[in-house]
Structure formats: C-alpha cells, structure tokens
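Structure first, then comments.
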Amino acid sequence: MLIEFVSELETGSPKNDEGLGMMKTMNALDRVGAERLRTEDGFTLIELLIVMSVMLILMTLAVPQMLKLTKQAHETSAVQSVRTIGQAQLQYSSAYPANGFACSLAVLGGDPKSGAPSAESSQLLSPDLASGQKAGYTFAITNCTKVNVNNHDMITGYEVTAVPNSIGRTGDRGFCSDENNTVRFDPAGGTNCTQPIQ
C-alpha cells in the first residue's frame, strides 16, 4: 500500500493532489512539532533573570555573614597566637635564664634544620608566627625592660601586641599581653589594650 502511494505521487495521477495535500499537512505538523521541541529545550530569558535575581538576593545575605565569621576566626587565632607567644617566652626564660625573656619574635623562632636551638634562635615558635604575620594580624614584642646583671642585659619585662592588618576587614580588635600572660584587647584595633578578654 505504501508503494502504491509513492508511485501515485511520482506519476501525478488525480490521487496525487490528495497525496500532496496530505504531505503538506504532515510537513506542517512536523514544523509545529519541531518548533515546540525547540522552545521546550531551553530556558526563557525571563526564567534566567528570575534565577539570577534569586541568586543575587542569597549572595547579598550570605557575603556579609561570611566576612563577619572570617573576622571572628582571625580574632580567635590572634588571641591564641598571643597566648602561644607568652608560653614561648616562659620556655625561653627557663632555657636561657641569663637572658630573661626574648625581645623579638625572631629570637623565639628559628629553623630546626639550621641546627640546635640557641639563645638567638630558640625554635619555640612556628615560622609563620615568628615572622610576625599570621591570619590577618601583625604580631610584635615591644616595650622590653632590661636590667644589667654582671655586664649582661637581662630582659625582665615585655609586651606582645597583635593588631589587625586592616581594621574592619581582617579584625576589629587589637590584643596585648605582658610577662604575666594576661591577654587584654583594644576595641579600636590598636595597642591601647585596657579591657581583659573574658
């Protein structure tokens, strides 16, 4: 039957007009179906704009919270680092009693591969902390007080400071400690530490 239909189309018999009409109808249906498939394949511009708007709203809510959490993490790290420096000072004064305390972070640091610890390179701090930069804060040992014992300087007091590299971005508060290992903070982000950590 299909062969007869095709041959009638080729010979141009009167039935051919009906066949052409039917072919035109089938072609039209195919085009409509293809257009429908093309529109169902992707997203419309409106749908994409709605999705992007929702994503932007979520980002405006999440980014400030993420920055706040990052600052809190930096401050927590800074407090712990100040305490670590205080503990390293106690170990240094026990290991080198003639020197008392160290008056620089470099003296508390040092590379273990360079040899045995010494009074100039005690290897008590990690290299990042001994460099003075860690987790958005700058660390220093300042205000060293010394006495002369048998023509040798002995450090009897010091202050450890930790200030944010960028106030408001890497941290809001500055932190300080002394030879008593009491950590205090400056709400302005400086070294005028008057309020104790709770």
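The values are calculated or read from the model by the stated rules, or taken from the named source; none is laboratory data. This one's a predicted model, so the numbers in the text were calculated from it and none came from an experiment. Don't worry about glycine lacking a Cβ; one is built from the backbone with ideal geometry, like all the others, and counts go over all protein chains shown.
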(message) For segment 141-154, check the following and say yes or no: at least one residue is within 17 Å of residue 81 (Cβ to Cβ), out of contact with any Phe, Trp or Tyr (no Cβ under 6 Å at 6 or more places or on another chain) and not in a loop (DSSP other than H, G, I, E, B).
(response) yes
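Answer yes or no as to whether residue 155 is in contact with a helix residue (DSSP H, G or I) (Cβ under 7 Å, 6 or more places away or on another chain) and among the β-branched types (Val, Ile, Thr).
Details: in contact with a helix residue (DSSP H, G or I) (Cβ under 7 Å, 6 or more places away or on another chain): no; among the β-branched types (Val, Ile, Thr): yes.
It is false that residue 155 is in contact with a helix residue (DSSP H, G or I) (Cβ under 7 Å, 6 or more places away or on another chain) and among the β-branched types (Val, Ile, Thr).
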(request) Tell me which residues, restricted to segment 171-183, are surrounded by fewer than 21 Cβ atoms within 10 Å (Cβ to Cβ) and under 20 Å from residue 73 (Cα atoms). (result) 172, 183
(request) Just one of (1) closer than 15 Å to residue 75 by Cβ; (2) loosely packed, with under 13 Cβ neighbours inside 10 Å trips up residue 151, so point out which. (result) (1)
(request) Could you tell me whether any residue of segment 106-128 is in a strand (DSSP E or B) and either aliphatic (A, V, I, L, M) or modelled with pLDDT of 90 or more (or both)? (result) no
(message) For the list (1) of a type outside the set (D, E, K, R); (2) surrounded by 14 or more Cβ atoms within 10 Å (Cβ to Cβ); (3) in a helix (DSSP H, G or I), I need the number of the one condition that residue 51 fails.
(response) (2)
(request) Kindly check whether there is at least one residue in segment 166-177 that is in contact with a Leu (Cβ under 8 Å, 6 or more places away or on another chain) and among the aliphatic types (A, V, I, L, M). (result) no
(request) Would you tally the residues in segment 63-88 being over 19 Å from residue 168 (Cβ atoms) and either touching a residue at least 40 places away in the same chain (Cβ under 8 Å) or within 18 Å of the chain's Cα centre (by Cα) (or both)? (result) 7
(request) Would you confirm whether any residue within segment 91-104 is modelled with pLDDT under 90, in contact with a strand residue (DSSP E or B) (Cβ under 9 Å, 6 or more places away or on another chain) and of a type in the set (A, V, I, L, M, F, W, C)? (result) yes
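Can you work out which of the residues in segment 165-185 that are farther than 22 Å from residue 89 by Cα and assigned to a strand (DSSP E or B) is nearest to the chain's Cα centre (by Cα)?
To start, the set of residues in segment 165-185 that are farther than 22 Å from residue 89 by Cα comprises 165-173.
Filter once more, so that each one left must be assigned to a strand (DSSP E or B): 167, 171.
Details: 167: 16, 171: 13 Å.
Filtering segment 165-185 for residues that are farther than 22 Å from residue 89 by Cα and assigned to a strand (DSSP E or B), the one nearest to the chain's Cα centre (by Cα) comes out as 171.
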